[in-house]
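Enquirer: This is the structure I want to talk about, given as structure tokens.
Just so you know, all these numbers are worked out from the coordinates, no wet-lab data involved. Small disclaimer: the values here were computed from a predicted structure and weren't measured. Reconstructed Cβ throughout: ideal geometry from the backbone, glycine too, with neighbour counts over all protein chains shown.
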Amino acid sequence: MNKRFMSILIPILFFYAQNCFTNDEPVKFKNILQEEQYYNLLEEVRCLVCQNQSLADSNAPLAQDLRNEIYEMVNSKKNNNEILDFLVKRYGDFVLYRPPLKKNTWLLWFGPFLILIIAISIGIIVIKKQIGDK
Amino acid sequence: MIPELGHFTLILALAMAFIQSSFPLVGATIANQTFMALARPVARLQFFFVVISFFILVYSFLINDFSISYIANNSNTLLPWYYRFSAVWGAHEGSLLLWVLILNIWTIAVTYFSRGLPEYFVARVIGVMGLISAGFLLFMLFTSNPFERIFPIPLDGADLNPLLQDIGLIIHPPILYMGYVGFSVAFSFAIAALLDSNLDTTWARWSRPWTLLAWIFLTLGIALGSWWAYYELGWGGWWFWDPVENASFMPWLIGTALIHSLAATDKRGIFKNWTLLLSICAFALSLLGTFLVRSGVITSVHAFATDPTRGIFILLLLGVFVGGSLVLYAFRAPTIKAGGKFKLLSRETFLLLNSILFLVAMLTVLLGTIYPLIIEALNLGKISVGAPYFNAVFVPIMSPLVVFLGLGVITKWKQDNLFQLLIKLRYLLISTLFIGITIVLVFFENHQLKTSMGIIAALWISLTTFYSFYLRLQNKKNKLAAMLIIPRSYYGMLLAHLGFSVCIVGITITSNHSVDIHERMKIGDTIEFSNYQFNLRDLKEISGPNYKATEAIVDVKKNETLITTLRSQKRIYTVRDMPMTEAGIDAGFTRDIYMSLGEPLDTESWSVRLYHKPFVRWIWLGSILMAIGGLLAILDKRYRTAKQRKKSIIVNNEVVS
């Protein structure tokens, strides 16, 4: 390998490490369940500095910090609720890609099924009309 | 001087758009032949001016004219020429010019392929399209002029966003826009029909091929976008429920309902009101998509613009077009006579139900996309709505749709017999469940419930589709001759439905059975993953035209035989100092092996992510099948105008004699 090139490239990359890049050290788990829990959590949590990416997809330093924290919490056998509660306490609901069911998300969660019921009722009325008047 | 010429031709195009929208529309109302006759030549003239303007922008990009602010912000002398070309639509102003150009391409196509249609109808269609064009040209000239000069002239440009420096971005936006903007034709046909004093269903036949073509482009455009995200973003994801993706998905959902509803209106004279409403809705969603992407209300990977005046202008355009057409609809709809009657158990019922489900699915995506914006605007908090939400609500809505789809294709028009249908269904249902569950038990160890739901859905669609083909040939003596008589649109339906089930298989398996690992590797290291051995053979430094990169070369072996060599790069684009990952992919019919190079961890080790993604290609394969199905439907003899039909008869006679 060309050492001279690497000696130029690596400082450049480490410069980025301070700005928009982070230590991308692979994580290891003691068991598969913890690993699954960790990766599932990364999909559910939003990176707060990126425009629209989950922790699993983000390269930002904050995302790496959060990944590390989640890793620590998973390793110390905390369950999903405890971990997400911790994140929400610190960053608010914005951090969750699956918004919790609350007063302000009531319409979001039940809306689709409300729309479904209304639309199907209208459909039934229309079909009945088609069948009814001969 | 040349950029000013581009600006000037845009103004001329606007003038043409005004003439194109006013005279023909008035002429059609007062039956003035001269006014109506203006429609075609003026539309062509407008096209001519827009094309000149577009090519001037292309030319200015190619010669690096950084005195134009848009080019200074989105290009660079180091950028290869083909990216300087695609940079034309790499940001806000240029992509609007592309929007207008594509609208004009559709209009010019209408002027040529509408000879069999009544003069007043064509005049109205072209007039409405002129109105749309005028709206967008005004928007460009007032808020987003691509030819605006900058002073002092910078020595070099700020470069195109590295994310967009890719072959995918050369073709994805034009194809997607062809779809988006193509719904303006369906919209214009619907408006022309509503303006007509005796509204029958002939307009549906005229509108069908245009709507199908727009739908094909949108289908391909979305698939291309998904494929681009898959290999370019370096996470191996293919759909993110990103607001901008949703903006293109919503018109697709309504467009799909529309092509089915149009078919029913054309063939059976039913759902006239509903089809008109869907035509308006599809175009409204295209405009809404433009608003969401261009106004900057949503910040996402794709959103370039953050100027509120632009947002307000697009919202106004949206209000005028949608509001105006809905008012017209409200006046005219009650006078439209209901079409043919049908019984509860009939294909019509299932078509209508699925039309409704598509509408509900679209409204759900809309709700999830704009809910956080509304909540924030009302000061009720700041929330995020992402993939977990959409997956949770979207699947339950699409499930009955799949059931109805299968029932619809094997049920008769008008009325069917419940008992006979159940007998027909007996074996189909049993075999669907049996084959589905067997496949899942044999091939998949985990996520069996979710996988079997997806596989059964796909089997149900494909088996009912094949069965409907069988029913069609069942009582024919000469099967081959019968197959030749069946209209192409029917084959199109078969293929598109099979494409849909292929897509479902891809989505189900890749979502539930993809695996990945994240490892530290140095040269010579071998990792065992998913029954493959990955050996990092070399790390090379590469110097591109406008980036520096490190390339990892990984040999992939299975049982000691070399399968493929993957190359993944970590690039640093020097002008914007932006890092990018180029994934190394070995594409296969039943699986992709995907590698992305992470970061250097020390002087010799790098972090590497490896993905095994089974059946991911099927998602795009299915989309392509759907598009080909649409194409077959367009090629149906039904849409050839009377004149051409006569011609073909003459040709046939000559051949015979």
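Enquirer: Quick check on chain B: helices-only [θ] at 222 nm, where DSSP H runs of length 4 and up contribute -39,500 (n - 2.57) each and the sum goes over total residues. Nearest 500, please.
Expert: Numbers: 21 runs with 419 residues, N = 657.
After summing the helix terms and dividing by residue count, I get -22000 deg cm²/dmol.
Enquirer: Arrange the following residues from fewest to most other Cβ atoms within 10 Å of their Cβ: B:Leu562, B:Leu137, B:Leu155, B:Leu345. Don't jump to the answer; show the numbers that get you there.
Expert: Values: B:Leu562 11, B:Leu137 26, B:Leu155 8, B:Leu345 18.
In increasing order of surrounding Cβ atoms, one gets B:Leu155, B:Leu562, B:Leu345, B:Leu137.
Enquirer: Next question. Take the Cα coordinates of the protein assembly as shown, assign each an equal point scatterer, and use the Debye formula without solvent to give log10 I(q)/I(0) at q = 0.07 Å⁻¹.
Expert: -0.58
Enquirer: Here's something else I'd like to know. Could you let me know the centre-to-centre spacing of the stretch B:8-41 and the stretch B:328-398, using Cα atoms, in angstrom?
Expert: 36 Å
Enquirer: Among B:Tyr70, B:Tyr59, B:Val185, flag the residue with its Cα farthest along the positive direction of the charge dipole of the stretch B:52-209, charges on Cβ as +1 for Lys/Arg and -1 for Asp/Glu.
Expert: B:Val185
Enquirer: Next question. Using +1 at the Cβ of each Lys and Arg and -1 at the Cβ of each Asp and Glu in the stretch A:22-99, identify which of A:Leu96, A:Asn79, A:Gln53 lies farthest towards the dipole's positive end.
Expert: The residue sitting most towards the positive pole is A:Asn79.
Enquirer: Then there is this: Quick one: B:Trp89, B:Trp106, A:Trp106, fewest Cβ neighbours within 10 Å first, how do they rank?
Expert: On the way: B:Trp89 25, B:Trp106 22, A:Trp106 10.
In order of increasing Cβ crowding within 10 Å: A:Trp106, B:Trp106, B:Trp89.
Enquirer: On alpha-carbon atoms, Rg over Rh for the stretch B:525-590 using Kirkwood Rh?
Expert: On the Cα set of the stretch B:525-590, Rg over Rh gives 1.08.
Enquirer: Let me ask you something else. Starting from the Kirkwood Rh over alpha-carbon pairs, what translational D in µm² s⁻¹ does the stretch B:2-390 have by Stokes-Einstein at 20 °C and 1.002 mPa s?
Expert: Calculated translational D: 98 µm²/s.
Enquirer: Also: Enter the mean projected area of the convex hull around the alpha-carbon atoms of the stretch A:22-99, in nm², rounded to one decimal.
Expert: Value for the stretch A:22-99: 4.7 nm².
Enquirer: Now for a different question. Percentage of Cα-Cα pair distances in the stretch B:200-345 greater than 27 Å, rounded to whole percent?
Expert: Counting pairs separated by more than 27 Å, the tail of P(r) holds 35 percent.
Enquirer: Find how many whole Å separate the alpha carbon centroid of the stretch A:40-93 from the alpha carbon centroid of the stretch B:403-439.
Expert: Value for the Cα centre distance between the two parts: 46 Å.
Enquirer: Over the stretch B:100-196, with a single point scatterer placed on each C-alpha, what log10 of the ratio I(q)/I(0) does the Debye formula yield at q = 0.11 1/Å?
Expert: -0.49
Enquirer: Right, another one. Output needed: percent of Cα pairs per 5 Å distance bin for the stretch B:277-424, bins running from 0 to the one holding the longest distance.
Expert: 2, 8, 12, 14, 16, 14, 12, 9, 7, 5, 2, 1, 0
Enquirer: So how do B:Ser75, B:Ser431 line up by other beta-carbon neighbours within 10 Å, fewest first?
Expert: B:Ser431, B:Ser75
Enquirer: Still on this model: Select from B:Ile486, B:Ile461, B:Trp206 the residue farthest towards the positive end of the dipole of chain B; place +1 on Cβ of Lys and Arg, -1 on Cβ of Asp and Glu, and compute about the Cα centre.
Expert: B:Ile486
Enquirer: Find how many whole Å separate the alpha carbon centroid of the stretch B:79-97 from the alpha carbon centroid of the stretch B:500-564.
Expert: When both Cα centres are located, 32 Å separates them.
Enquirer: Once you list every other residue whose beta carbon is under 9 Å from the beta carbon of B:Phe342, what net charge do they have if Lys and Arg are +1 and Asp and Glu are -1?
Expert: +4
Enquirer: Please state, rounded to one decimal and in Å, the Kirkwood hydrodynamic radius that the stretch B:327-367 gives when every pair of distinct Cα atoms enters the mean of 1/r.
Expert: Taking the inverse mean of 1/r over all distinct Cα pairs, the stretch B:327-367 comes out at 12.6 Å.
Enquirer: Rule-of-thumb check for the stretch B:557-609: C-alpha Rg over 2.2 N^0.38 Å?
Expert: Numbers: Rg = 13.9 Å, N = 53, 2.2 N^0.38 = 9.9 Å.
For the stretch B:557-609, the normalised Cα radius of gyration comes out at 1.40.
Enquirer: What is the dipole size for the protein assembly as shown, taken about its Cα centre, with +1 at each Lys and Arg Cβ and -1 at each Asp and Glu Cβ, in debye to the nearest 20? Walk me through the numbers on the way to the answer.
Expert: Values: 67 positive and 51 negative charges, 835 e Å.
The dipole magnitude comes to about 4020 debye.
Enquirer: Over all pairs of distinct alpha carbons, what does the Kirkwood formula give as the hydrodynamic radius of the stretch B:44-129, in Å?
Expert: Details: mean 1/r = 0.0695 Å⁻¹.
In the stretch B:44-129 this quantity evaluates to 14.4 Å.
Enquirer: Using only Cα atoms, what is the ratio of the radius of gyration of chain B to 2.2 N^0.38 Å?
Expert: In units of the 2.2 N^0.38 Å rule of thumb, it is 1.04.
Enquirer: Taking each full run of DSSP H in chain B as one helix, which ones are at least 18 Å long along their axis (Cα atoms) and have mean Kyte-Doolittle hydropathy of at least 1.6?
Expert: Numbers: long enough: B:2-30 (42 Å, 1.43); B:39-62 (34 Å, 1.69); B:92-112 (30 Å, 1.28); B:119-143 (36 Å, 1.74); B:167-195 (43 Å, 1.79); B:202-232 (45 Å, 0.37); B:243-268 (37 Å, 0.27); B:272-294 (33 Å, 1.34); B:347-377 (44 Å, 1.63); B:387-410 (35 Å, 1.84); B:418-443 (36 Å, 2.07); B:448-474 (37 Å, 0.73); B:488-513 (37 Å, 0.78); B:617-634 (26 Å, 1.69); B:642-656 (21 Å, -0.51).
For chain B, where a helix must reach 18 Å along its axis and average at least 1.6, the hits are B:39-62, B:119-143, B:167-195, B:347-377, B:387-410, B:418-443, B:617-634.
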